[in-house]
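*Asks:* Questions regarding the structure given below will be posed in turn.
The values are calculated or read from the model by the stated rules, or taken from the named source; none is laboratory data. Quick caveat: nothing in here was measured; it's all calculated off a predicted structure. Neighbour counts are summed over all protein chains in view; Cβ atoms, including those assigned to glycine, are modelled from backbone coordinates with ideal geometry. Just so you know, the surface numbers come from the protein's heavy atoms only, side chains and all, with ligands and any DNA or RNA stripped out. Shrake-Rupley method; radii C 1.70, N 1.55, O 1.52, S 1.80 Å.
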Amino acid sequence: QVQLVESGGGLVQPGGSLRLSCTASGNIFRLYNMGWYRQAPGKQRESVAYIAAGGTTNYADSVKGRFTISRDNALNTVSLQMNSLKPEDTAVYYCNKFPNPTLGWGQGTQVTVSS
């Protein structure tokens, strides 16, 4: 069973940057379309970016132009570079398959944007 481990979150001031990483176990990661999701307190989990197995990317309007998703299939990782962070980006961030997140959720990584 594939396990997902997210890392890289933290506390950052508005306008700052963070780079999140997600490492997956297993040897068929390269076949998956992968996405980054986030869940803010009191809100539903939402997708913010995805990258297809072939490398095509897409972003939610709220993060377009600020976030960049990438993957390294040799390392079984998918990353999310987040720039120009805003307080409304505060959430726990998770990775999973996209569009159907059928893998078990990892513990996520907390991102807090605050001055």
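*Asks:* Give segment 92-112 a look and list any residue that's open to solvent by 40 Å² or more (accessible area, probe 1.4 Å) and part of a strand (DSSP E or B), or say none. Give the derivation first.
*Replies:* Residues of segment 92-112 that are open to solvent by 40 Å² or more (accessible area, probe 1.4 Å), as a first pass: 97-102, 105, 107, 110, 112.
Selection gives K97, Q110, T112.
*Asks:* Moving on. Can you tell me which residue within segment 74-91, out of those that are open to solvent by less than 50 Å² (accessible area, probe 1.4 Å) and free of Cβ contacts under 8 Å to residues at least 60 places away in the same chain, is nearest to the chain's Cα centre (by Cα)?
*Replies:* V78
*Asks:* Further question: Kindly establish whether K64 is open to solvent by 40 Å² or more (accessible area, probe 1.4 Å), without any contact (Cβ under 8 Å) to a residue 60 or more places away in the chain, basic (K, R) and closer than 21 Å to T112 by Cβ.
*Replies:* Values: open to solvent by 40 Å² or more (accessible area, probe 1.4 Å): yes; without any contact (Cβ under 8 Å) to a residue 60 or more places away in the chain: yes; basic (K, R): yes; closer than 21 Å to T112 by Cβ: no.
No.
*Asks:* Determine, yes or no, whether L75 is in a loop (DSSP other than H, G, I, E, B), touching a strand residue (DSSP E or B) at 6+ places or on another chain (Cβ under 7 Å) and not charged (D, E, K, R).
*Replies:* Details: in a loop (DSSP other than H, G, I, E, B): yes; touching a strand residue (DSSP E or B) at 6+ places or on another chain (Cβ under 7 Å): no; not charged (D, E, K, R): yes.
Considered against the rule, which asks whether it is in a loop (DSSP other than H, G, I, E, B), touching a strand residue (DSSP E or B) at 6+ places or on another chain (Cβ under 7 Å) and not charged (D, E, K, R), L75 comes out as no.
*Asks:* Only one of these conditions is not met by R71: (1) within 17 Å of R19 (Cα to Cα); (2) free of Cβ contacts under 8 Å to residues at least 40 places away in the same chain; (3) open to solvent by less than 40 Å² (accessible area, probe 1.4 Å). Which number is it?
*Replies:* With (1) within 17 Å of R19 (Cα to Cα); (2) free of Cβ contacts under 8 Å to residues at least 40 places away in the same chain; (3) open to solvent by less than 40 Å² (accessible area, probe 1.4 Å) applied to R71, the lone miss is (3).
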